[in-house]
Amino acid sequence: MLPGSNPDPSILRVGDDYYIATSTFEWYPGVRVHHSRDLVHWQTIGGILDEARLLDLTGCPDSGGVWAPNLSYADGLFHLVYSNISAYAGGFSDGPNYVVTAPAITGPWSEPVLLHARGFDASLFHDGDESWLVNLVHDWRPGYGGSAGLEATRYDRTTRRLVGTPQRIQLPPKAGWIEGPNLYRRGDWYYLITADGGTSWEHQVTVARSRTLTGPYERDPNSPLLTAKHRPDWPLQKAGHGSLVEAADGEWWLAYLVARPIGEHGPCVLGRETALAQVEWTADDWPVVPGGLPPLAGEATPPADELDDFDADQLSPQWSTLRRLPDPSWLSLTERPSHLRIHGGRSPQGLVGPSLVARRVTEPKATFEADVDFRPTAFQQLAGVTAYYNTRNWHFLHLTADDHGDRVLRVATRDQGRLVVHPETVGVPGTEPVRLRLRFDDAELTCWYATTTEWRRIGPALDATVVSDEHVVEFDGDQIRSLGFTGAFAGLWVWDLTGHGHPADFDRSAYTVDV
């Protein structure tokens with residue numbers, strides 16, 4: 001339903017309008033919001049956290065930043081709870097949770113209020129005049145499994161503060177590691193919807209219920225509500241992390257994340273996406289997804305081709321920027337009319353000051369291209385198009401200067417930190433723009449260029465799975481070094497390792513889904 005990197009959906013209905021908020025990690029704007037009137041056709045309306053006062057991603061680690069936002073509505077206000085994860089490796093987790101409110105989904109959003117940093121995947125549950133914050137409690141101590149369960153804390157909607165002492169939620173026996181908690185009330189029952197089994201092939205949506213908010217909870221005898229872990233042959237895998245919504249007609253739906261691997265349990269270049277399943281209620285008041293499995297295919301309209309001539313005065317909603325807001329210090333849509341000017345940023349290894357504008361890759365077969373007007377003066381200056389996952393995994397088709405100052409075209413790859421500049425070099429005399437293209441074809445990525453109307457291939461066939469979720473995960477012994485939550489991005493990237501911000505101009509960027 002929401003293809004490409006759109007995980008951890010939090011679904012909400014306000015009147016006739018449906019909204020889904022999804023995780024954005026180290027990319028601005030934080031917390032993508034999608035809108036629909038029929039649960040089938042969705043439009044991305046941009047990100048909520050689009051100001052420095054709302055979100056600071058400076059130094060954010062790969063796949064850190066905004067995890068599992070939660071969108072709710074009470075007292076005529078939208079409430080957004082979100083985390084900003086600045087560390088998660090080595091058994092620790094630094095993730096303060098904030099809340100902001102707004103009278104409309106487009107804002108203006110209030111100043112963030114820090115709730116706590118006791119654990120992640122926090123959500124708000126509104127129960128009449130009362131509200132509660134529910135979250136996983138992270139446990140750093142060796143031998144404790146990383147989780148001390150779930151807790152609930154009273155939240156005062158008037159002061160936007162937590163009040164009282166956190167109360168431990170009494171989970172069913174042998175609940176294990178569960179995360180992504182969402183609470184709902186239907187009749188006399190409180191329903192606890194959780195993510196179980198990790199975030200990969202064993203992922204699932206589980207259900208428990210209780211007569212009281214903090215439990216004890218009993219597990220659904222037919223649980224899980226939804227999973228694909230027993231069907232590795234199905235095209236939609238990793239089904240889990242769900243949230244419920246009741247439609248205006250009384251029907252219930254579950255928004256949840258999935259992934260589309262290349263082959264059976266193969267790499268997921270597109271990352272974790274959002275799907276939707278209808279929910280029915282049994283005679284004894286348990287929610288069920290018929291069959292307990294994700295559908296083979298949905299009814300959503302496939303992604304449309306996109307062309308951006310950069311004629312607007314701000315970036316279109318499909319674009320995101322890495323770790324820094326698109327401010328005039330490094331990016332402009334007005335310095336050269338009908339062009340996107342990007343001033344060169346710091347190295348791809350660093351976590352501060354990159355100059356990358358990118359969009360999500362939404363289909364396994366797709367083409368991304370742009371006109372690049374760039375006149376480098378040194379080999380430290382590079383500009384072009386990239387297939388990007390994180391600081392340690394990317395492909396980069398770029399213009400640069402050789403040791404004689406002549407303009408050349410090359411391809412570079414970084415694969416789990418190992419850097420290779422592929423041997424083929426193409427001289428590009430003159431100063432005219434060059435059109436650059438990346439073509440995704442399942443597990444293969446090829447690079448192309450055109451100085452006239454004829455496209456030419458450059459470099460070898462590249463491994464597209466370098467920018468897949470599975471490939472980028474790294475461990476130091478039994479401790480996490482780097483996670484892979486974002487999926488692949490295709491983007492416009494400029495380096496200036498001299499520190500002077502040498503600019504490149506981009507025009508006519510096109511993204512085409514190949515049939």
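Computed quantities for the displayed model
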| read-out | value |
| --- | --- |
| Residues located in the stretch 231-265, provided they are assigned to a loop (DSSP other than H, G, I, E, B), more than 30 Å from residue 466 (Cβ to Cβ), touching a residue at least 24 places away in the same chain (Cβ under 8 Å) and of a type outside the set (Asp, Glu) | 247, 248 |
| Long-range neighbours under 6 Å by Cβ, at least six apart or interchain, first residue among the small types (Gly, Ala, Ser) within the stretch 134-163, second modelled with pLDDT under 90 | 147/177 |
| Members of the stretch 193-230 found to be assigned to a loop (DSSP other than H, G, I, E, B), under 23 Å from residue 168 (Cα atoms) and either outside the structural domain of residue 176 (by TED's automatic domain parsing) or touching a Pro at 6+ places or on another chain (Cβ under 6 Å) (or both), listed by number | 217 |
| Qualifying residue in the stretch 167-176 (condition: of a type in the set (Val, Ile, Thr), assigned by TED's automatic domain parsing to the domain that holds residue 246 and under 23 Å from residue 80 (Cβ atoms)) | yes |
| Count of the stretch 329-363 residues which are in a strand (DSSP E or B), within 30 Å of residue 259 (Cα to Cα) and of a type in the set (Val, Ile, Thr) | 1 |
| Count of residues meeting criterion [acidic (Asp, Glu), within 24 Å of residue 247 (Cβ to Cβ) and not in a strand (DSSP E or B)] in the stretch 12-47 | 2 |
| Complete set of residues in the stretch 233-248 that are modelled with pLDDT of 95 or more and not aliphatic (A, V, I, L, M) | 237, 238, 240, 241, 242, 243, 246 |
| Test: residue in the stretch 287-304 that is part of a strand (DSSP E or B) and at pLDDT 95 or above | yes |
| Residue that is farthest from the chain's Cα centre (by Cα) [pool: residues in the stretch 95-130 that are crowded, with 20+ Cβ neighbours inside 10 Å and within 25 Å of residue 188 (Cβ to Cβ)] | 125 |
| Given (1) among the charged types (D, E, K, R); (2) touching a Lys or Arg at 6+ places or on another chain (Cβ under 7 Å); (3) under 23 Å from residue 205 (Cα atoms), index of the condition residue 32 fails | (2) |
| Residue 465 vs. criteria of a type in the set (Ser, Thr, Tyr) and assigned to a loop (DSSP other than H, G, I, E, B) | no |
| Selection status of residue 386, under 16 Å from residue 356 (Cα atoms), of a type outside the set (A, V, I, L, M, F, W, C), in contact with a strand residue (DSSP E or B) (Cβ under 6 Å, 6 or more places away or on another chain) and crowded, with 21+ Cβ neighbours inside 10 Å | yes |
| Every residue from the stretch 411-443 that is free of Cβ contacts under 8 Å to residues at least 40 places away in the same chain, surrounded by 13 or more Cβ atoms within 10 Å (Cβ to Cβ) and in a strand (DSSP E or B) | 412, 421, 426 |
| Sole residue being within 29 Å of residue 146 (Cβ to Cβ), at pLDDT below 95 and not aromatic (Phe, Trp, Tyr), chosen from 72, 93, 83 | 93 |
| Unique match (being of a type in the set (Lys, Arg) and under 25 Å from residue 101 (Cα atoms)) among 185, 168, 141 | 185 |
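Conditions (1) farther than 21 Å from residue 199 by Cβ; (2) over 14 Å from the mean Cα position of the chain (by Cα), marked per residue:
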| position | (1), (2) |
| --- | --- |
| 10 | no, no |
| 13 | yes, yes |
| 19 | yes, yes |
| 30 | no, no |
| 47 | yes, no |
| 56 | yes, yes |
| 85 | no, no |
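The values are calculated or read from the model by the stated rules, or taken from the named source; none is laboratory data. Only a predicted model underlies this, so the values are computations on that prediction, with no experimental measurement involved. FYI the Cβ positions are ideal-geometry reconstructions off the backbone, even for glycines, and counts take in every protein chain you see.
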